[in-house]
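The structure under discussion appears below in the form of structure tokens.
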Protein chains: 2
Amino acid sequence: MPPRDLSNQPCPIRDVLDRIGDAWSLLVLLELSNGPCRFNALRRVVDGISQRMLSVTLRQLERDGLITRTVLPLSPPQVEYAVTDLGTGLISRLEPLRDWATTHQPAVWEARARYDARQAAPIAEGAA
Amino acid sequence: MPPRDLSNQPCPIRDVLDRIGDAWSLLVLLELSNGPCRFNALRRVVDGISQRMLSVTLRQLERDGLITRTVLPLSPPQVEYAVTDLGTGLISRLEPLRDWATTHQPAVWEARARYDARQAAPIAEGAA
DNA sequence: CTGAATCCGGATGGATACTG
DNA sequence: CAGTATCCATCCGGATTCAG
């Protein structure tokens, strides 16, 4: 994603992609679609995400109005994140994508293997 | 997207995202959904993409079996790219996403503006 | 517990020049 | 026309450290 001039007339697709394209956002969003969740709980379930990226990701999602951040005034401070209606709308478009990915991952892998095999031996395909 | 060990058990979502998450792939794919296209033609229509990234992107899409690459044996060499059935399936899941992006971009922008305003003046919301 | 700030290595991606 | 190779600035993102 080149810097470009996003403040002017960015194509909307680029705009969404810049949001979910970082991979973490999508994962967090899909996780939150199961219901509200707290910071460290997310941290555990997303698995692999660093504290920093979770923090950054959540802030971006909140900024874009896709999730809400609620601070529970408790002795050990708790913060709960939940998807908004806007976020729900996006998620509903994301789920088919996830399902496609799950279903067709084998096909993609096979295509890759075939491609790589072709590249490995581009000459003399009938050779001994 | 952290390196991780993708060769083992990557979640499929991560796998797709790594493909379309680079933003260019999605743009190119959606463009090709309108019909086959040649290199420089794509270069012009995608707008903003560098020669290098178009080349890299096309190769990845071909590797994953989402598009085909056909070399026409002509005096000025021509190469035509076209989506495969697999690619078509993915595109059909992508289009709702694009449409959502187009429709709700204003809402996202408003959310951002509100968030930024809140951050700029977190204190004294009823002041002056 | 939740989160921000800093440091820093590695990957990303643009510009350019060259090839078939 | 359709790329590939190199160079290099930038950004992403992990680890660590500190704060509320």
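Label-point spacing at residue B:120 relative to the other copies reads 5.8 nm, in ascending order, each point sitting 7 Å out from Cα along Cα→Cβ. Place +1 on the Cβ of every Lys and Arg and -1 on the Cβ of every Asp and Glu in the protein assembly as shown, take the dipole about the Cα centre, and give the residue among B:100, B:90, A:49 whose Cα lies farthest towards its positive end. Towards the positive end, the residue furthest out is A:49.
Which helices, taking whole DSSP H runs in chain A, have alpha carbons extending 20 angstrom or more along the helix axis plus mean Kyte-Doolittle at least -1.0?
The qualifying helices are A:85-120.
Between residue B:80 and residue B:119, the modelled label-to-label distance comes to 4.9 nm, taking each label 7 Å out from Cα in the direction of the beta carbon.
Among chain A residues, the beta-carbon with the smallest distance to the axis carrying A onto B is reported, with distance in whole Å, as A:21, 2. In chain B, a dipole from Cβ-located charges (positive for Lys and Arg, negative for Asp and Glu) runs towards its positive end, and of B:66, B:81, B:17 it is B:81 whose Cα lies farthest in that direction. Calculate I(q)/I(0) for the protein assembly as shown by the Debye formula, one identical point scatterer on each C-alpha and no solvent, and give its log10 at q = 0.11, 0.12 Å⁻¹ to two decimals. The computed values of log10 I(q)/I(0) come out as -0.68, -0.79.
With its label point put 7 Å out from Cα toward Cβ, residue B:78 sits 6.6 nm from the same residue's point in the other copies, in order from shortest. For the range A:44-85, the Cα-based Rg and Dmax, in that order, read 11.3, 30 Å. Using a simple spin-label model with pseudo-atoms 7 Å out from Cα toward Cβ, residue A:95 and residue B:71 lie 4.6 nm apart.
For chain B, what log10 I(q)/I(0) values come out of the Debye formula at q = 0.19, 0.23 1/Å, with one point per alpha carbon and no solvent? For chain B at q = 0.19, 0.23 Å⁻¹, log10 I(q)/I(0) is -1.10, -1.35.
Read-outs: derived from the displayed coordinates by stated rules, not from any lab. Please read all numbers here as calculations on a predicted model, not as lab measurements. All Cβ positions, even for glycine, are placed from backbone atoms using ideal geometry, and neighbour counts span all protein chains on display.
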